[in-house]
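The values are calculated or read from the model by the stated rules, or taken from the named source; none is laboratory data. Keep in mind the model is a prediction, meaning the values are calculated, not measured. Using ideal geometry, Cβ is built from the backbone for each residue, glycine included, and neighbour counts are taken over all protein chains shown. Just the protein is used for accessible areas: all its heavy atoms, side chains included, with ligands, DNA and RNA removed. Shrake-Rupley method; radii C 1.70, N 1.55, O 1.52, S 1.80 Å.
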Amino acid sequence: MLTGLQSDEHTGMSVKQILIVEDEKPIRDMIAFGLRRAGFDVLEAEDCVTARARVVDNQPDLMLIDWMLPDTSGLELTRWVKKNEATSEVPVIMLTARAEEDDKVRGLEGGADDYITKPFSPRELVARIEAVLRRGQTVGAGEVLNADGLQLDPASHRVRGSGEDIQLGPKEFKLLQFFMSHPERVYSRSQLLDRVWGGNVYVEERTVDVHIRRLRKALEPGSFDRFVQTVRGAGYRFSTRAS
Ligand code: CA
């Protein structure tokens, strides 16, 4: 996680660059105005094709992606960003007019780090952005962690299982890193939110379940998913012993 972009954060002097992907110009302008006033550097894209080019070329610190876009859906774009090796570390906040639970879960499963429902105030949006950016800073480098054939190297940001590379999203990586450095202990969802997400008040506890599911799926090939155990009524535990 210690990329060149993030090393600037320790000086506290870097200006964060936000890429806004929204086809409706008045809304895009309003968001851009609010973000610039809050001290962000702003890039804009009105469709997915432009957004893909911008995110690869500029490596922004965060993307705001509207759910409804003219060419591809915002959800598809989010999936693409998170799957693409060059962009998977870029946090995404989805802008949605849909308040239904299903859509929120779909958005998070698509890889979004957070979502915000329209209409929202510029102040609320800035608070969300700052919270997501803070979460990105909570991971520290450390020694290589080992658990029965599963290996996580924080420095190279690699996970290997039985000698094979395992691809994880940024949040799943952080979850696994936390679990592997705190084995044999049960953590509730809210404890995991505090420790892995950084205690953001806006994140719902079910978000943890979404990412646990994705982590287990990624660990399935070597049967390492058995290490991520559900403790009924209590939360989750990382253990190499049978549950
Ligand atoms: Ca739109």
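For the chain, carbon and sulfur atoms together expose 48% of the accessible surface, with a 1.4 angstrom probe and every protein chain in place. Taking the longest Cα principal axis of the chain as reference, the axis of helix 48-58 is set at about 70 degrees. Here the chain yields Rg over Rh of 0.97, to two decimals, using C-alpha coordinates and the Kirkwood radius.
So what is the orientation-averaged projected area of region 44-115, using the convex hull of its C-alpha atoms, in nm²? Over every viewing direction, the Cα hull of region 44-115 projects on average to 4.2 nm². Note on region 145-238: Cα Rg divided by 2.2 N^0.38 Å, N the number of residues, gives 1.02. From its DSSP helices (H runs of at least four residues, each -39,500 (n - 2.57)), the chain gives a residue-normalised ellipticity at 222 nm of -11000 deg cm²/dmol.
The C-alpha atoms of the chain define a longest principal axis, and helix 25-37 lies at about 70 degrees to it. Taking other residues whose beta carbon is less than 12 angstrom from the beta carbon of residue 44, and scoring Lys, Arg as +1 and Asp, Glu as -1, yields -4.
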